[in-house]
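See structure below.
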Amino acid sequence: MAKDLTSNKPLEALDDGQLALTRIEIYQPCQPTRRLPVQDPKFAETAPGAYTGGPIRFDQSGRWVVRFHFYEQCLDGDASPHGHIAFFIDVP
């Protein structure tokens, strides 16, 4: 579950209805220009801060980075909710 670091509450949609999860980015860390082939994994909010989605099909073995972008449409600043989290996935 994605939560606000200051309040520990689940991330919520903005007043204009845009979800907190803006997009995901998938690439190989040693070759950042090596992106996953174009796919359209459907992500949906199942509860505030909780998302489900996929499928994601990796076309090559190795280490991949899956980076989640939150509130990407917000300008960076001290009070901005814009943030990211990334995970390594090792594909056999």
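Quick notes on this one:
- Mean separation of Cα contacts under 8 Å (6+ apart) over length of the chain, as relative contact order %: 27
- Options [x] 57, 34, 30; [y] 39, 27, 21; [z] 53, 32, 19 - which one matches Cα extents along the principal axes in Å as calculated here: [y]
Quick note: the coordinates plus some simple rules give every number you see, no bench work behind them. Predicted model only: the values in this text are computed from it and were never measured.
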